[in-house]
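Below is one structure; the comments refer to it alone.
The values are calculated or read from the model by the stated rules, or taken from the named source; none is laboratory data. In this text the structure is predicted, and so the values were computed from the model without any measurement. Glycine also receives a Cβ, built like all others from the backbone with ideal geometry; neighbour counts cover every protein chain displayed. The protein model used for the area step is the full one, side chains on, heavy atoms only, and it has no ligands, DNA or RNA in it. Shrake-Rupley method; radii C 1.70, N 1.55, O 1.52, S 1.80 Å.
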Amino acid sequence: MDLAAQDDRIYLLVGDLGFGVVEPFIQKFPDRFVNVGVAEQNMTGVAAGIALTGKIVFTYSIANFPILRCLEQVRNDLCYHKANVKIVSIGGGYSYGALGMSHHATEDLAILRALPGMTVIAPGDPFEAEAATRAAAAHDGPCYLRLGRAGEPAIHKSEVEFQIGKAIPVREGKALTLISTGAMLQTAVAVADSLAAKGSPARVLSMHTLKPLDAGAVVAAARETGAIVTIEEHGVSGGLGGAVAECLAESGELRVPFRRFGIPTSFSPPPGTQEYLREQCGLSPQSILKSLESLLEAVHVS
């Protein structure tokens, strides 16, 4: 709303949902809103057409609908033409846990990270989400903005200095580095606080941008801390863990112990709440702490 009031190039397209959330935009900017209907492929094509006339277009839907359902249009219409379209997906990870695998966004980061020209952002809390929205609007080219489902707690105490491709330090420590993306920042901080209480202070990085990745922050962590751990509510294949592993391999910093925490490459257990599904995948703070015991022992021994 703030951005649209300042810039009449900003449009909003939805796929017949979000009402109650988007109605204020409709009322204030009726000529810059289009409900395309339950037709995400068409929504993406329309967004590309509007963007290619010089506009900045946000598309909005839940979970996989604005990306996987219309992946060909995202690839061919947005990325190939470098269209200035910002895809907003709410419900990252298991946010819509009870609705089953069709509503679980667990492969999106890996898939969109592979697309040429696509910027991939998954903010860690409401402060990051606001800053990421402003940064995405200012960025020239297609962006993917992966959000939770609203109600996520604020981890930062105030507005953050946000830059696409630049991780945000949240905790300092030498024992190891916890790198999180998206809503797993709360879990990473909880794990770090528990480790600090046990005498093993951990560095925490909010890696809100998966593409471009902050390679400098990863390499610094490899050189300055005892191990690197990635935490994501996403499949372990190709997401944050994959991006960090690639970075480490290409940097030559291969001696640092490294572990990924994420969703196994399989469809989810029986549907349930987000908390239940995270627990089933070993993504609760308690599960991560228990799994880190052997890693910390190895680091201390070495």
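Structure above, values below:
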{"quantity": "With all protein chains modelled, accessible area of S158 [1.4 Å, Å²]", "calculated": "70"}
{"quantity": "Whether the range 151-302 is rounded, prolate or oblate, judged on the alpha carbon gyration tensor where a/c under 1.5 counts as rounded", "calculated": "rounded"}
{"quantity": "Modelled label reach - R134, point 7 Å along Cα→Cβ, the range 1-26 residues with backbone N closer than 19 Å", "calculated": "1-11"}
{"quantity": "Cα gyration tensor, the range 70-175 - rounded (a/c under 1.5), prolate or oblate", "calculated": "oblate"}
{"quantity": "Under 9 Å, Cβ to Cβ, from S206 - net charge with Lys/Arg +1 and Asp/Glu -1", "calculated": "-2"}
{"quantity": "Where the range 154-302 is the region considered: accessible area per residue in Å², 1.4 Å probe", "calculated": "46"}
{"quantity": "Ellipticity estimate at 222 nm from DSSP helix runs (n ≥ 4, -39,500 (n - 2.57)) divided over the chain, nearest 500", "calculated": "-10000 deg cm²/dmol"}
{"quantity": "Surface share of carbon and sulfur [accessible, 1.4 angstrom probe, percent] for the range 184-297", "calculated": "53"}
{"quantity": "D31 - accessible surface, heavy atoms, 1.4 Å probe, Å² rounded to 10", "calculated": "140"}
{"quantity": "The chain: angle of helix 240-251 to the longest principal axis, Cα-based, in degrees nearest 10", "calculated": "60"}
{"quantity": "Rounded to 10°, Cα long-axis angle of helix 285-301 versus longest principal axis of the chain", "calculated": "50"}
{"quantity": "Angle between the chain longest axis and helix 215-224 axis [Cα atoms, degrees, rounded to 10]", "calculated": "10"}
{"quantity": "Rel. contact order, % - alpha carbon contacts under 8 angstrom, at least six apart, the chain", "calculated": "15"}
{"quantity": "Whole-angstrom Cα spans of the chain along principal axes, big to small", "calculated": "64, 39, 35"}
{"quantity": "Distance from the range 42-67 to the range 239-298 (C-alpha centre basis), Å", "calculated": "32"}
